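Here's the structure we're looking at; comments come further down.
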Amino acid sequence: MKTNSDYFAFCKSTYTRTWNEAYLIECQVKNSQSAKLAAQRKAIDTTLVESLLHYADIVSEDEIWKNIALVHKLNVANLSDFHISEAEQASVLERCLSAHQSWIKSSGHSFERYIASIDNDELQNNEIRFILQSDLTKMIKEGSLTNTSDDIRGLNSWGKDFDLYAIQAIHGDIHVFGCIQSKTSIRDRVGRDVNFSKNAMEGLFWSVAVTLDGSFLNMDEFKHMVNGGGSYPVNGWHGMYAMAGISESNGRIYKVNDTLDLFVTHAVRAAKQFIADRRMLTPSWSAEGQTAL
């Protein structure tokens with residue numbers, strides 16, 4: 001009788017057998033790397049189908065995917081090259097993946113704190129600060145913001161769609177005027193984040209993103225996503241600021257230094273627009289055309 005404990009062995013056996021067979025065939029017409037990729041696709045497809053046929057009644061689809069993912073990663077990592085016994089490989093791999101995810105999370109939070117810590121003369125003179133999402137939540141609960149009730153509802157509903165917010169104090173009254181997405185590298189999330197940004201722009205907030213690694217912005221798809229063009233009829237952000245990965249600015253994509261001086265200048269212009277006539281802070285608004293404010 002089949003049991004859950006049998007499934008991982010079945011999964012590994014099916015994947016490995018299929019991969020080996022497919023690799024030998026693909027090597028006859030492709031180079032080694034291309035053959036490996038083709039074999040991986042065949043192994044994943046076959047293992048999924050065989051798993052559903054033989055184990056769907058006792059193993060959930062979620063568990064099936066988790067096991068196939070683990071077997072796939074073990075195959076790619078090939079930990080036997082490092083003299084790690086087969087019995088220990090799954091545990092070692094999970095620890096490595098956990099460490100990698102921990103770094104991604106920790107580095108992302110560190111970058112958010114880096115932006116929030118910016119406090120130069122230009123910001124001080126305009127009483128502007130960048131605050132973390134957790135700080136915004138606290139200010140809303142305390143009733144510290146003078147934004148409209150519609151603004152507060154929007155900010156509450158967006159939850160963690162944004163990592164930081166731009167606030168300004170005028171005669172002691174504090175309001176949010178900008179929503180900021182901050183990632184060390186946001187290529188994998190940018191397709192989701194652009195929708196959040198559009199929501200903020202439609203709500204007449206300054207909506208921008210800051211990334212440490214903007215290499216993906218050299219690709220046409222992402223240039224169009226930011227600036228508009230191609231399959232994107234409108235711009236996705238008021239601005240996208242990259243500290244590395246691009247050689248120069250391009251439309252709403254801005255090359256910035258490690259002190260984010262241009263980002264700060266644009267924040268000041270957006271704050272002035274928010275106060276002077278917020279109705280103009282539409283998606284088409286550009287900080288580059290606001291020097292007269």
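The values are calculated or read from the model by the stated rules, or taken from the named source; none is laboratory data. Just so it is clear, the model here is predicted, and its values are computed rather than measured. Please note: Cβ atoms are built from the backbone with ideal geometry, for glycine as well, and neighbour counts cover all protein chains shown. All accessible areas refer to the heavy atoms of the entire protein, side chains included, with ligands and DNA or RNA removed. Shrake-Rupley method; radii C 1.70, N 1.55, O 1.52, S 1.80 Å.
In the stretch 156-170, the residue that is farthest from Phe130 (Cα to Cα) out of those that are of a type in the set (Gly, Ala, Ser) and outside any loop (DSSP other than H, G, I, E, B) is Ser157. Sort out which residues of the stretch 186-202 are modelled with pLDDT of 95 or more and out of contact with any strand residue (DSSP E or B) (no Cβ under 9 Å at 6 or more places or on another chain), and write them in order of number. Glu202 - this is the single residue of the stretch 186-202 that is modelled with pLDDT of 95 or more and out of contact with any strand residue (DSSP E or B) (no Cβ under 9 Å at 6 or more places or on another chain). Only one of the numbered conditions (1) over 19 Å from Asp119 (Cβ atoms); (2) buried (at least 23 other Cβ atoms within 10 Å of the Cβ); (3) not small (Gly, Ala, Ser) is not met by Lys183, and that is (2). Taking the criterion of being open to solvent by less than 30 Å² (accessible area, probe 1.4 Å) and either part of a helix (DSSP H, G or I) or within 17 Å of Ser207 (Cβ to Cβ) (or both), the residues of the stretch 131-147 that qualify are Ile131, Leu136, Met139, Asn147. Taking the criterion of being open to solvent by less than 40 Å² (accessible area, probe 1.4 Å), at pLDDT below 95 and within 19 Å of Asp261 (Cα to Cα), the residues of the stretch 107-130 that qualify are Phe111, Glu112, Ile115, Ala116, Ile118. Residues that are among the small types (Gly, Ala, Ser) and not in a helix (DSSP H, G or I) within the stretch 105-130 comprise just one, Ser117.
The rows are residues; the columns are (1) touching a helix residue (DSSP H, G or I) at 6+ places or on another chain (Cβ under 7 Å); (2) of a type outside the set (Asp, Glu); (3) free of Cβ contacts under 8 Å to residues at least 40 places away in the same chain.
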site	(1), (2), (3)
Lys223	yes, yes, yes
Val234	no, yes, no
Tyr254	yes, yes, yes
Thr259	no, yes, no
Glu288	no, no, yes
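Would you mind stating whether Trp206 is modelled with pLDDT of 95 or more and more than 14 Å from the chain's Cα centre (by Cα)? So Trp206 passes the test. For the stretch 209-240, a residue qualifies if it is over 18 Å from the mean Cα position of the chain (by Cα) and among the aromatic types (Phe, Trp, Tyr), and exactly one does: Tyr232.
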